[in-house]
1. Using a 1.4 Å probe on the protein heavy atoms only, what accessible surface does Tyr143 show? Give it in Å² to the nearest 10.
2. Scaled to the compact-protein estimate 2.2 N^0.38 Å, what is the alpha-carbon radius of gyration of the range 117-275, rounded to two decimal places?
3. If you roll a 1.4 Å probe over the heavy atoms of the protein chains, what accessible area per residue do you get for the range 98-195, in Å²?
4. How do 240-246, 201-207 rank on mean C-beta neighbours within 10 Å, highest first?
5. Taking a 32 Å limit on the Cα-Cα distance, which of the listed pairs Lys151/Lys201; Lys113/Lys151; Lys172/Lys223; Lys209/Lys240; Lys124/Lys172 fall beyond it?
6. How long are the semi-axes of the equivalent ellipsoid of the range 234-275, defined as square roots of 5 times the Cα gyration tensor eigenvalues? Whole Å, largest first.
7. Projected onto the charge dipole of the range 200-275 (+1 at Lys/Arg Cβ, -1 at Asp/Glu Cβ, origin at the Cα centre), which of Ile244, Gln264, Leu206 gives the Cα projection farthest towards the positive end?
8. Computing the accessible area with a 1.4 Å probe over protein heavy atoms, can you report the carbon and sulfur percentage for the range 94-166?
Amino acid sequence: MAEAAAVAAESQAGCRARAARAVLDQVVLPGEELLLPEQEDGERPGGAGERPLRLKVGMRSRGRVVCGPGLRRCGDRLLVTKCGRLRHKEPGSGSGGGVYWVDSQQKRYVPVKGDHVIGIVTAKSGDIFKVDVGGSEPASLSYLAFEGATKRNRPNVQVGDLIYGQFVVANKDMEPEMVCIDSCGRANGMGVIGQDGLLFKVTLGLIRKLLAPDCEILQEVGKLYPLEIVFGMNGRIWVKAKTIQQTLILANILEACEHMTADQRKQIFSRLAES
């Protein structure tokens, strides 16, 4: 037993530092160290290679690496903190770097700045609304954080209303703060969601899957019934169809899509289209 444990520990230590480019879309484990290419070495003849990520890069570094969920900075290293698949998004400028994160099947939502979420107004304290977003603590929402809101023209928000907004403050040391306007002061689809419709909760992985640009599920669902749908990055979906029966069917389909194959999904959609 002791020899087997030593071998397992040695193998784990040996595979802890792995090249990020080689394990993209593969499963990574907590404690692993990611190796990313250093641009300064790549500019030198024969200097390209994988080295531990140095977060304090010099002026010669052209790219900026952003650590997303599931990754943590530890000194000048980048460590994995969650079990899941490693993802990478290239920057729009194409100058290198980009965003790295771990796509995990967690159920509890952790607020992230810029995320669009669906919240439930639970209380009103002075000029601030308390909104339940599914995190460890409620988020605050000012009555001035709505399009056209002033001290005289207050928005009609009641306890129990559904709010679709985005986070402007989200970190571990401060209470999350959300708004219902964009950088130009426009609602852009955010605000109080209608009273009708159905709100249900799914996993965070399914939400990211449905919001992917190449997702075919929404295209197939849109062909069944006319609908209104709102997705929150906190795992909440609000959907509304013409009838209650159609609304329940759409909600059940979206919940089951996480565990269905493409062929199974097409069979269900064809049956519903014929009925």
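The values are calculated or read from the model by the stated rules, or taken from the named source; none is laboratory data. These numbers come from a predicted model, not from an experiment. When we count neighbours, we look across all protein chains shown, and the Cβ atoms used for this are built from the backbone with ideal geometry, even at glycine. Quick note on the areas: whole protein, heavy atoms, side chains included, nothing else; ligands and nucleic acids left out. Shrake-Rupley method; radii C 1.70, N 1.55, O 1.52, S 1.80 Å.
1. Around 20 Å² of this residue is reachable by solvent.
2. Details: Rg = 17.4 Å, N = 159, 2.2 N^0.38 = 15.1 Å.
Cα Rg divided by the expected 2.2 N^0.38 Å: 1.15.
3. 55 Å²
4. By packing density, highest mean first, the sequence is 201-207, 240-246.
5. Checking Cα-Cα distances, Lys151/Lys201; Lys172/Lys223 exceed 32 Å.
6. Values: eigenvalues 68, 53, 6 Å².
That gives 18, 16, 5 Å for the three semi-axes.
7. Result: Ile244.
8. Working: 1880 of 3770 Å².
It is 50 percent, rounded to a whole number.
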